[in-house]
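Structure, as structure tokens:
The values are calculated or read from the model by the stated rules, or taken from the named source; none is laboratory data. Everything quoted here is computed from the prediction, not taken from an experiment. Cβ coordinates were reconstructed from backbone atoms using ideal geometry, including for glycine residues, and neighbour counts include every protein chain displayed. To get the accessible areas, we keep the full protein, side chains included, count just its heavy atoms, and leave off ligands, DNA and RNA. Shrake-Rupley method; radii C 1.70, N 1.55, O 1.52, S 1.80 Å.
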Amino acid sequence: MNPRDRSDLFRLVYRSRSAIAGSPAEVQRIVGAIVAASQHRNAGAGVTGALLFASLHFVQALEGPASAVEATFDRICRDLRHTGIEVVECGPVLEPAFGNGPMSHLVPDADAGALLDRLDSEAECVEAAAAAMKLMLTLLQTTAAGKDREPIPFMRAS
């Protein structure tokens, strides 16, 4: 996305529960394939963002032109590899948070993974997902956002 596209900059953040079955290695292989496909599709659509995955949950942020983000999210909603999709944040934003890369893949450490596991508690759903978004942004802002395409280890928040 270039600076002239910022007038239509839109962000959508959702959380969902994984429906991927298999061994931990098989699940990680499938998530890796999801990230690779997302990077390819997002680059063509002008969408950037980050995907955080822990054993039970996805939290994903998408940014770009509103129509491209909405089309991407519509496709995501039809994906049977997750259920219980809940939008946490949705609307126009002034500045991009995820750089110019098509998709960053965040791998949480044990502490950050525990935060995501709290998503099962209905009373804390939105708070936990919002906290995960804040941690994603902190991590991406303290590293070279979008520079690496390898999973980025999720750092413990102070």
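Listed values, structure above:
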quantity	calculated
Inter-site label distance for ALA66 and ALA19 at 7 Å from Cα along Cβ, in nm	3.0 nm
Loop-resident sites, segment 37-111, for trypsin sites (Lys or Arg not before Pro), counting at most 14 other Cβ within 10 Å (DSSP)	ARG78
Per-selection Kirkwood Rh - segment 14-115 (Cα, Å, 1 d.p.)	14.1 Å
Local net charge near CYS77, Cβ-Cβ under 12 Å (Lys/Arg +1, Asp/Glu -1)	-1
Most to least accessible of HIS40, HIS82 (protein chains only, probe 1.4 Å)	HIS40, HIS82
Computed accessible area, ARG29, all protein chains, 1.4 angstrom probe, square angstrom	140 Å²
Estimated FRET transfer efficiency (SER55, GLU95; beta-carbon r; R0 25 Å; 0.05)	0.20
Accessible surface, 1.4 Å probe, highest first, among residues CYS90, CYS77	CYS90, CYS77
